[in-house]
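**Student:** Here it is: the structure, laid out below.
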Amino acid sequence: MSLNDAHAFAFSLAATLMVSIVIFRAGDGSLAVMPAREYDGDASEIVHEIDPFAT
């Protein structure tokens, strides 16, 4: 997934689910997104975090 696609998907998920979403680099180098509370990987692999409640 490209960085632009990952951001668009993360923003959509954050707005729909109203939870924080992280964009992270997977083991094969690709980008992926998931809810922040479910992410248990290395914090250094997080590219960006989307918080729908941030002002």
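**Student:** For the list (1) in contact with an Asp or Glu (Cβ under 6 Å, 6 or more places away or on another chain); (2) not in a strand (DSSP E or B); (3) not hydroxyl-bearing (Ser, Thr, Tyr), I need the number of the one condition that PHE24 fails.
**Tutor:** Result: PHE24 fails condition (2) only.
**Student:** Could you check the range 27-54 and list, in sequence order, the residues that are surrounded by fewer than 18 Cβ atoms within 10 Å (Cβ to Cβ), under 11 Å from the mean Cα position of the chain (by Cα) and in a loop (DSSP other than H, G, I, E, B)?
**Tutor:** Answer for the range 27-54, where residues must be surrounded by fewer than 18 Cβ atoms within 10 Å (Cβ to Cβ), under 11 Å from the mean Cα position of the chain (by Cα) and in a loop (DSSP other than H, G, I, E, B): just ASP51.
Laboratory data are not the source of any read-out in this text; all were calculated from the coordinates shown. Note that the structure is a prediction, hence the values are computed from the model and not measured. Please note: Cβ atoms are built from the backbone with ideal geometry, for glycine as well, and neighbour counts cover all protein chains shown.
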